[in-house]
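The values are calculated or read from the model by the stated rules, or taken from the named source; none is laboratory data. These figures come from a predicted structure and were not determined experimentally. Here the Cβ positions follow ideal geometry from the backbone for every residue, glycine too, while neighbour counts run over all protein chains shown. Surface areas here come from the heavy atoms of the whole protein model, side chains and all, with no ligands, DNA or RNA. Shrake-Rupley method; radii C 1.70, N 1.55, O 1.52, S 1.80 Å.
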Amino acid sequence: MSECIFCEIVAGRAPCHQVYEDDLVLGFMDAFPVAPGHTLVIPKQHAENLFEIRAECLAAVSRTSQALALGVRKALDPDGVMVMQLNGAAAGQTVFHYHTHLIPRAEGSVLSLHPRIPGNTEELESMASKIRSALD
Ligand code: AMP
Ligand code: ZN
C-alpha cells in the first residue's frame, strides 16, 4: 500500500472515474470538483512536483493535458478551460504526486480552490463518459 493516493489509483487499488490512459499517464475526474468536468492528468511514475518530474513524463502529461482540454471543450463547451499546476504546500498543493488540473470555466463564475465537497458519483461518471466520447 502506497502512502500516495494517486499511486494507489495508478495501481488500481483506489477507484477513479477514468478519462484516459496510456503507458505514461492517466487522466481522471477530480473527486472534489471545483466545476463540473474538473479533470486531473498525472504521470504514472511517482514524482512529487515540477522540480522532480522526469522530462519524458512531463512531456507526456503536457501532451495529454492538451488532448484532454480539447476533449473537455468539445464535450462540455465551457467559456474557457483553466490549466493549473501547484508545487509545494505553500502554493496550495495537497496531493504530492505531480498533476495538472483542467478546470472548465464559465464567464463570470467565481473559482474556489479546494472546496472539499465530494462530487456526486453519477455526475462524475457522466462527465468522464462525455469527455471519453469526445476523445474518440
Ligand atoms: P492539488 O491541490 O493541486 O494538490 O490538487 C489535488 C487534487 O486532487 C484536489 O483537487 C483534490 O480534490 C483531488 N483529489 C484528492 N484525492 C483524490 C482522489 N482520490 N481522486 C480524485 N481526485 C482526488
Ligand atoms: Zn504517487
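Quick notes on this one:
Residue by residue, here is whether (1) open to solvent by less than 80 Å² (accessible area, probe 1.4 Å); (2) over 26 Å from L50 (Cα atoms); (3) part of a loop (DSSP other than H, G, I, E, B) holds:
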{"site": "H97", "(1), (2), (3)": "yes, no, yes"}
{"site": "L102", "(1), (2), (3)": "yes, no, no"}
{"site": "E107", "(1), (2), (3)": "no, yes, yes"}
{"site": "H114", "(1), (2), (3)": "yes, no, yes"}
{"site": "P118", "(1), (2), (3)": "no, yes, yes"}
{"site": "E125", "(1), (2), (3)": "yes, yes, no"}
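- Hey, L24 away from ligand 2 (no atom under 16 Å from the Cβ), in contact (Cβ under 8 Å) with a residue 24 or more places away in the chain and surrounded by 16 or more Cβ atoms within 10 Å (Cβ to Cβ) or not: no
- Scanning the range 55-85 for residues that are within 12 Å of the chain's Cα centre (by Cα) and open to solvent by less than 40 Å² (accessible area, probe 1.4 Å) yields a total of 7.
- Test: residue in the range 77-86 that is closer than 24 Å to S129 by Cα, in contact (Cβ under 8 Å) with a residue 40 or more places away in the chain and more than 16 Å from ligand 2 (Cβ to nearest atom): yes
- Test for L40: is it closer than 18 Å to I5 by Cβ, free of Cβ contacts under 8 Å to residues at least 24 places away in the same chain and not β-branched (V, I, T): no
- All positions within the range 1-20 that are closer than 20 Å to L68 by Cα and surrounded by 12 or more Cβ atoms within 10 Å (Cβ to Cβ): F6, I9, V10, C16, H17, Q18, V19, Y20
- The set of residues from the range 40-52 being closer than 14 Å to I9 by Cβ and more than 10 Å from ligand 1 (Cβ to nearest atom) comprises V41, P43, K44, Q45, H46.
- Members of the range 36-51 found to be more than 12 Å from ligand 2 (Cβ to nearest atom) and out of contact with any His (no Cβ under 7 Å at 6 or more places or on another chain), listed by number: P36, G37, T39, L50, F51
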